[in-house]
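Notes for the one structure printed next.
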Amino acid sequence: MILLTGSTGFIGGNVLRSLSERKVPIRCLSRNPQSSANPDIFYVTGDVLDYDSLVRVTAGVDIVYYLIHMMGKQKEQQKFNILDRLAANNMIRACRVNKVRRIIHLTGMSDPDEILSHHLASRKEVEEIIRKSGIDYTIFRASVIIGRGGGAFEVLDTVVRKFPVIPILDWENTRVQPIYIDDVIHYLVGCLDKIETINQSYDIGCPDIMTYRELMEQYAKAVGLKRLFVRVHGSWHWISGRVLGQLAPVDPNVVYWLIESLRNNMVCEPNDLKKIFGFEPISFEESIRKLV
Ligand SMILES: NC(=O)c1ccc[n+]([C@@H]2O[C@H](COP(=O)([O-])OP(=O)(O)OC[C@H]3O[C@@H](n4cnc5c(N)ncnc54)[C@H](OP(=O)(O)O)[C@@H]3O)[C@@H](O)[C@H]2O)c1
């Protein structure tokens with residue numbers, strides 16, 4: 001039995017679509033469960049902040065997909081790191097009680113030599129909690145995921161489509177290595193059959209490393225829009241978070257914290273995923289072509 005957390009979210013929803021082709025029993029945890037016509041998919045009510053609910057939903061589970069973050073509409077928004085820590089610890093404790101065999105997790109990529117944003121520091125902490133839990137794990141780390149419904153992608157799309165003149169702020173030269181959503185799902189679901197990925201963490205990204213400025217320039221070109229990029233000094237974090245929080249189809253809290261993370265480089269460390277999975281992620285240009 002697989003327990004899928006975050007099944008109503010961007011990554012979890014895509015994992016669910018892919019897993020459902022495998023005809024394995026899947027238990028989806030949500031605070032607002034839906035119903036399913038698929039006999040292999042069961043929705044269960046639970047909240048990662050409620051330990052007892054996790055003990056109930058992990059009973060009889062072999063593998064947990066942990067695809068949760070707390071940056072959205074939580075009560076104490078500025079303390080999402082505290083909530084993320086509590087949630088991860090609750091899940092680990094419940095997994096130990098019910099002898100869950102493996103946790104599969106997707107998190108944000110970060111450079112160990114940099115001072116991390118609130119969002120990335122919290123992601124790193126959750127990753128460490130899982131890695132040190134004593135339960136087998138496979139962890140993937142990504143930067144911007146290119147796909148409809150993805151928070152970072154929707155912010156990129158909004159900026160490029162809505163602003164004929166795009167201010168380039170202090171994050172101009174931060175480097176990023178995006179990845180197409182289907183490639184992320186290929187890793188997350190494919191690792192079920194790859195025992196060599198147990199107790200391993202991997203950075204995942206497309207072959208292209210670019211700056212945020214180049215990312216926006218290439219995206220504008222791909223969607224056929226002429227844009228003027230103007231360098232403005234300062235980070236303007238608060239104001240850009242407020243404006244984009246109103247315009248993008250993403251929770252304004254998430255937008256705010258994603259913008260704060262633009263100062264951190266997100267470039268993959270080398271790994272042997274090509275050998276293990278037999279494929280390489282598609283280029284940034286190709287992933288945009290699939291979406292527009
Ligand atoms: N999107 C990206 O570009 C990207 C990039 C790198 C890494 N990641 C990682 O991918 C993972 C999933 O992110 P996402 O983009 O799919 O996020 P998302 O679309 O915002 O989904 C978040 C999920 O978390 C669930 N959730 C939040 N609070 C919960 C709670 N208290 N109890 C139970 N469920 C709760 C929500 O479920 P309900 O509200 O239905 O309960 C929702 O399904 C995260 O670890 C994130 O760091 C994402």
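Where helices (runs of 4 or more DSSP H) fall entirely within the stretch 151-228, those with at least 3 residues that are within 14 Å of the chain's Cα centre (by Cα) and at pLDDT 95 or above are at 151-162, 181-190.
For the stretch 140-164, how many residues are more than 9 Å from the ligand (Cβ to nearest atom) and either within 17 Å of Q177 (Cβ to Cβ) or surrounded by 22 or more Cβ atoms within 10 Å (Cβ to Cβ) (or both)? Total satisfying the criteria: 2. Filtering the stretch 229-259 to residues that are crowded, with 17+ Cβ neighbours inside 10 Å and in a loop (DSSP other than H, G, I, E, B) leaves A248, V250.
For the stretch 252-267, the criterion of being over 21 Å from R141 (Cα atoms) and either within 16 Å of the ligand (Cβ to nearest atom) or of a type in the set (G, A, S) (or both) is met by at least one residue.
Could you check the stretch 132-150 and list, in sequence order, the residues that are among the small types (G, A, S) and assigned to a loop (DSSP other than H, G, I, E, B)? The answer is S133, G134, S143, G147, G149, G150.
Of all residues in the stretch 85-114, those being farther than 24 Å from L192 by Cα and modelled with pLDDT of 95 or more number 3. Selection of the stretch 31-83 for residues being among the basic types (K, R), assigned to a loop (DSSP other than H, G, I, E, B) and at pLDDT 90 or above yields only R31. Applying the condition of being of a type outside the set (V, I, T) and over 16 Å from the mean Cα position of the chain (by Cα) to the stretch 106-127 and asking which residue is surrounded by the most Cβ atoms within 10 Å (Cβ to Cβ) yields L116.
Can you find, within the stretch 85-116, the residue that is nearest to the ligand (Cβ to nearest atom) among those that are closer than 14 Å to G134 by Cα and of a type in the set (S, T, N, Q)?
Step one: filter the stretch 85-116 for residues closer than 14 Å to G134 by Cα, giving 88-89, 91-104.
Add one more test, that the residue is of a type in the set (S, T, N, Q), and what stays is 89, 98.
Numbers: N89: 13, N98: 17 Å.
Restricting to residues being closer than 14 Å to G134 by Cα and of a type in the set (S, T, N, Q), the top hit is N89.
Could you go through the stretch 194-211 and let me know if any residue there is exposed (fewer than 15 other Cβ atoms within 10 Å of the Cβ), polar (S, T, N, Q) and touching a strand residue (DSSP E or B) at 6+ places or on another chain (Cβ under 7 Å). Among the residues of the stretch 194-211, at least one is exposed (fewer than 15 other Cβ atoms within 10 Å of the Cβ), polar (S, T, N, Q) and touching a strand residue (DSSP E or B) at 6+ places or on another chain (Cβ under 7 Å), which makes the answer yes. Only a single item in (1) of a type in the set (D, E); (2) under 17 Å from I92 (Cα atoms); (3) not in a loop (DSSP other than H, G, I, E, B) is not met by E21, and it is number (2).
In the stretch 1-39, which residue that is of a type in the set (D, E, K, R) and within 17 Å of C191 (Cα to Cα) is nearest to the ligand (Cβ to nearest atom)? Step through it out loud before you land on a result.
We begin by selecting, within the stretch 1-39, every residue of a type in the set (D, E, K, R); these are 17, 21-23, 27, 31.
With within 17 Å of C191 (Cα to Cα) added as a condition, the list becomes 17, 21-23.
Values: R17: 13, E21: 19, R22: 20, K23: 23 Å.
Ranking the candidates gives R17 first.
Can you find a residue in the stretch 80-101 that is closer than 25 Å to F140 by Cα, touching a Phe, Trp or Tyr at 6+ places or on another chain (Cβ under 6 Å) and not aliphatic (A, V, I, L, M)? Looking through the stretch 80-101, at least one residue is closer than 25 Å to F140 by Cα, touching a Phe, Trp or Tyr at 6+ places or on another chain (Cβ under 6 Å) and not aliphatic (A, V, I, L, M). Every condition in (1) buried (at least 17 other Cβ atoms within 10 Å of the Cβ); (2) part of a helix (DSSP H, G or I) holds for R93 except the one numbered (1). Taken over the stretch 11-56, the residue count meeting the criterion of being crowded, with 21+ Cβ neighbours inside 10 Å and farther than 19 Å from R102 by Cα is 2.
Write out, first by first residue and then by second, each pair whose Cβ atoms fall under 8 Å of each other, whose residues are 6+ apart or on separate chains, and whose first residue, in the stretch 244-264, is within 21 Å of D111 (Cα to Cα) while the second is within 13 Å of the ligand (Cβ to nearest atom) and among the polar types (S, T, N, Q). Note: pairs meeting the criteria are W257/S117; E260/S117; S261/S117; R263/S117; N264/S110; N264/S117.
Among residues of the stretch 48-69 that are over 13 Å from L4 (Cβ atoms) and more than 12 Å from the ligand (Cβ to nearest atom), those with a Cβ under 6 angstrom from a residue that is small (G, A, S) and assigned to a helix (DSSP H, G or I), sequence gap 6+ or separate chain, pair up as V55/A94.
Quick one: is K124 at pLDDT 95 or above and away from the ligand (no atom under 16 Å from the Cβ)? Taking the combined requirement at face value, the residue does not satisfy it.
The values are calculated or read from the model by the stated rules, or taken from the named source; none is laboratory data. Since we're looking at a predicted model, the values are computed, not measured. Neighbour counts run over all protein chains shown; Cβ positions are idealised from the backbone, glycine included.
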